[in-house]
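The values are calculated or read from the model by the stated rules, or taken from the named source; none is laboratory data. All of these numbers come straight from a predicted model, not from anything done at the bench. All Cβ positions, glycine included, derive from the backbone under ideal geometry; neighbour counts span all protein chains shown.
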Amino acid sequence: MRGRKVITRRDFLRGTAYTAFATAFGSSLKGEVKAEEKVKIILIRDEKVIDPQGRINQKILQEMLDQGVCKLLGEENPVQAWKKLIKPTDIVGIKSNVWAYLPTPKELEDAIQQRIMDVGVQKKDISIGDRDILNNPVFRSSTALINVRPLRTHHWSGIGGCIKNYVMFVSAPWLYHSDACSPLASIWNKSIVKGKTRLNILSLIRTQFYNRGAHHFDRRFVSEYKGLLIGKDPVALDAIGARLLQLQRIAYFGEDRPLDTTPNHIFVADEKYKLGVSDLNRIEIIKLGWMEGVLI
Amino acid sequence: MAVFFLSVFIFITVLATGVWPAFPVESNKMKIEMKKLLPLEVGMFQSEGKDQFYDRKTTFRYMDGAAELYRSYGFKLLMVCRYVKVDHSPIIVELFHMGSSEDAFGIFSYETGEEEVGIGQGSDYGGGLLRFWKGKYFANVFAEREALSMRRDILSIGHPIAGNIKKEGHKPRLIQFLPGEGLSEKSLRYFHLHQVLNHHYFISHQNILHLGEQTKGVLATYLPQETKEKTFLLLVQYPTKKLAETAFHSFVKAYMPEASHFRTIKTENGKWISAQPHDHYILVVFDAPSQGKAEALIEATRNNLEKRLP
C-alpha cells in the first residue's frame with residue numbers, strides 16, 4: 001500500500017475519486033487511450049435463453065456459446081473455433097462455480113464440454129470442478145483450463161468474476177482475502193494454473209448486482225440479463241462485469257449504491273500482476289444478439 | 001513436546017486471527033448446547049437430522065468468502081439444520097455461536113431495515129430471510145426456494161428457536177454513550193473492521209482509523225427534527241489511549257488534513273465534520289447540518305463518556 005494515494009469519501013464528494021484511482025493504480029481512466037491494441041471481448045444475449053418457467057434452454061445457450069466463440073476467434077464453424085483453443089491431446093479442466101445460490105448453469109458446463117469433446121478430447125480427459133479441484137486428477141494434470149462462472153457482487157472482493165474463480169486452486173483461500181482480495185491474481189502464476197487458461201466465460205444469464213442476506217444473496221437483486229461475456233482476458237471480462245453490475249444497481253435503485261468493497265483486485269491484476277487489461281478505454285466489446293436493456 | 005507444539009499452535013492462531021481457537025472439548029460442549037436449541041419438529045416440519053457444524057476455519061467450505069463477515073466478529077461455531085415438509089420448500093436454519101452477545105448484536109446490526117417480527121432480542125424479515133439475535137446467538141432462517149407459504153413457515157421455525165435460547169444478552173456497551181435525542185435506534189451498527197464500517201458509511205478504502213479485531217466501533221444515524229437529513233456519529237474504542245491517539249492522527253491526516261486544532265470543518269457536500277479523541281476513544285460526526293450541530297453532538301457524547309466511564 002505504501003506510496004498509494006489514500007482515497008477517501010471526500011474524493012467522491014469532490015468527484016475526483018476516479019482520478020484518485022487512476023493515480024493510485026496507474027490506470028488511464030481519464031479517457032486517454034494508450035497506444036496498445038484494444039482487448040476484444042464478446043457480449044452475446046438471447047431473450048429466449050430463459051423460458052417463462054425460469055428454465056435455461058440448452059439449445060439456445062449452445063448457440064450463444066458457439067456464436068460468441070466463433071466471433072472471438074474469427075471462425076465460421078464452432079468446432080474449428082474451439083480447435084484454436086484446445087488440442088485433442090489436451091487434458092482439460094473446466095473450472096466452474098458451485099455456489100448454491102447462483103452456480104454456473106449446468107447447461108453452460110455441458111455446452112462447453114460438448115465442444116471440447118467435438119475437438120477430439122476424450123471424456124475421461126475432461127473434468128468440470130470447483131471446490132475439489134486440488135484433489136481432482138484431471139485438474140492436477142491438466143494442460144488446458146476453461147474458466148467459467150456467473151457474475152455477482154461479492155462481500156469481500158467487490159465482485160466475483162473470472163479472476164476470483166481460481167481461488168480454489170489454493171489450499172487456503174482465506175489467505176488471499178486481505179486488502180479487498182487484491183492478491184487474487186497472484187494465484188494465476190501458480191504452476192497448476194499458469195499459462196493454461198484458453199478461454200474465460202462470465203455467465204450473465206443471471207447476475208447478482210447487490211448483496212444482502214445470509215450468504216450475501218437475495219433473490220430480489222438477481223437480474224435475468226440473459227447473456228454471456230466471452231474473452232481470453234480475465235481482467236477485461238471482470239472490469240466490464242464490474243461496470244455492468246454498477247449500471248444494474250443504478251437501474252434498479254435509481255442511484256449508485258456502492259459495493260461493500262471496491263473490486264481493487266481487478267486493477268491490481270492489471271497493474272501489479274500484468275494478468276490483463278482493466279482500463280475500460282482499452283476494451284472493445286463486440287455485442288451480438290438481443291440488445292434491450294443491455295446497459296453497457 | 002506435545003504441549004510445546006500446542007502452545008505454538010495457539011500462539012500462531014491468536015496472532016493470525018486475534019481470536020482464541022475453540023478447543024475440541026469446548027467445541028463439543030458448544031455443539032451439545034446448540035443441538036438443544038434447534039427443535040426436531042416444528043408443526044409438520046421435521047429436521048432432516050443431518051446437522052452440520054463449521055468452525056472459524058471450516059466455515060469457508062460452507063459459505064465461501066461470505067464467511068469473512070462472520071469471522072470479522074468473534075464467531076465460534078455454526079450449526080446448519082434443514083427442515084423439510086411435504087409440498088413445502090425446505091427451510092434452512094443457520095445458528096451461529098458468536099462468542100458474546102455484543103458480537104451477536106454486531107452481526108445482526110450489519111443488515112437491518114426490513115420488518116421487525118418480534119423474534120429474539122432483535123429481528124429483521126424480508127425477501128424470504130429472517131435474521132435475529134438473542135444472547136450470544138445469531139440466526140439466519142430462510143427458504144431454499146421461493147414459495148407462497150415462505151414467510152409463515154420461516155417465522156414458525158424462528159419463534160421456537162428463539163424461545164429455546166433462555167439467556168438474553170447485552171448490546172455493546174458503547175451504545176450507552178450515544179446521545180439519545182434524534183437517534184435512530186434501528187440504524188445502530190456495531191463492528192470491528194473498516195470493511196464493515198465502509199459497508200455502512202464509506203470512509204476510505206484504506207484503514208485510516210486503524211480498526212482491527214481488538215477495536216470496537218459503533219456507527220449511529222441521527223435524524224434531526226428540523227431537517228430530517230442524516231447525521232452520522234462514529235464512536236470507536238481502542239485497547240489503549242496511545243492507539244486511539246495514533247489512529248486519530250492518521251484519520252485527520254488522511255480525511256481532514258486542512259483541520260486546525262478545532263477539528264471541525266465544512267466538507268464538499270456543504271455539511272460539517274467534527275472529530276475528537278477522548279481517552280481510549282475517537283468520536284467523529286459526519287454530515288452535520290451546521291458547525292454548531294456537529295460540535296454539540298461531539299460534546300454530548302464526550303459528556304456521556306465522562307459521566308458513565310468508571
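Things to note:
- Residues of the stretch A:178-201 classified as surrounded by 21 or more Cβ atoms within 10 Å (Cβ to Cβ) and free of Cβ contacts under 8 Å to residues at least 40 places away in the same chain, total: 1
- Single residue of B:L129, B:L77, B:L69 found to be in contact with a helix residue (DSSP H, G or I) (Cβ under 6 Å, 6 or more places away or on another chain) and either outside the structural domain of B:M34 (by TED's automatic domain parsing) or not charged (D, E, K, R) (or both): B:L77
- Residue in the stretch A:251-265 that is in the same structural domain as A:K95 (by TED's automatic domain parsing), aliphatic (A, V, I, L, M) and within 15 Å of the chain's Cα centre (by Cα) present: no
- Filtering the stretch B:94-130 to residues that are facing chain A (nearest Cβ under 10 Å) and more than 14 Å from the chain's Cα centre (by Cα) leaves B:E94, B:G113, B:E114, B:G126, B:G127, B:G128, B:L129, B:L130.
- Residues located in the stretch B:69-98, provided they are in contact (Cβ under 8 Å) with a residue 60 or more places away in the chain and not basic (K, R): B:L69, B:S72, B:Y73, B:Y83, B:H88, B:S89, B:I91, B:V93, B:L95, B:H97
- Inside the stretch B:47-69, residues that are more than 10 Å from every other protein chain (Cβ to nearest Cβ) and out of contact with any strand residue (DSSP E or B) (no Cβ under 6 Å at 6 or more places or on another chain) make up a count of 3.
- Criterion (more than 13 Å from the chain's Cα centre (by Cα) and closer than 23 Å to A:A111 by Cβ) met by exactly one of A:I126, A:I230: A:I126
- Residue list for the stretch B:181-209, restricted to those being away from chain A (no Cβ under 13 Å), surrounded by fewer than 21 Cβ atoms within 10 Å (Cβ to Cβ) and in a loop (DSSP other than H, G, I, E, B): B:E181, B:G182
- Set side by side, the residues A:T153, A:T104 differ, and just one is β-branched (V, I, T), outside any loop (DSSP other than H, G, I, E, B) and either assigned by TED's automatic domain parsing to the domain that holds A:D270 or touching an Asp or Glu at 6+ places or on another chain (Cβ under 8 Å) (or both), which is A:T153.
- When A:T261 is tested against (1) assigned to a helix (DSSP H, G or I); (2) within 14 Å of chain B (Cβ to nearest Cβ); (3) surrounded by 20 or more Cβ atoms within 10 Å (Cβ to Cβ), just one condition goes unmet, and that condition is (1).
- Selection from the stretch A:247-266 of residues that are at pLDDT below 90 and closer than 30 Å to A:L73 by Cα: A:P263, A:N264
- Set side by side, the residues A:L237, A:L247 differ, and just one is assigned to a helix (DSSP H, G or I), under 30 Å from A:D46 (Cβ atoms) and either within 16 Å of the chain's Cα centre (by Cα) or not aliphatic (A, V, I, L, M) (or both), which is A:L237.
- Qualifying residue in the stretch B:71-78 (condition: within 11 Å of chain A (Cβ to nearest Cβ), in contact with a strand residue (DSSP E or B) (Cβ under 6 Å, 6 or more places away or on another chain), surrounded by fewer than 23 Cβ atoms within 10 Å (Cβ to Cβ) and over 18 Å from B:L37 (Cβ atoms)): no
- Members of the stretch A:156-197 that are assigned to a helix (DSSP H, G or I) and more than 13 Å from chain B (Cβ to nearest Cβ): A:Y166, A:F169, A:P183, A:A185, A:S186, A:I187, A:W188, A:N189
- Condition check for B:Q237: closer than 30 Å to A:C181 by Cα, polar (S, T, N, Q) and modelled with pLDDT under 95: no
- Residue selected from the stretch B:210-257 under the condition basic (K, R) and assigned to a helix (DSSP H, G or I), by the criterion farthest from the other protein chains (Cβ to nearest Cβ): B:K241
- Residue in the stretch A:219-227 that is on the phi > 0 side of the Ramachandran plot and in the same structural domain as A:K71 (by TED's automatic domain parsing) present: yes
- Here the stretch A:113-138 is the region considered, the condition is being polar (S, T, N, Q), closer than 24 Å to A:P173 by Cβ and surrounded by fewer than 18 Cβ atoms within 10 Å (Cβ to Cβ), and the residue that is farthest from the other protein chains (Cβ to nearest Cβ) is A:N136.
- Enumeration of residues in the stretch B:153-179 that are surrounded by fewer than 17 Cβ atoms within 10 Å (Cβ to Cβ) and either modelled with pLDDT under 95 or in contact with a helix residue (DSSP H, G or I) (Cβ under 7 Å, 6 or more places away or on another chain) (or both): B:N164, B:H170, B:Q176
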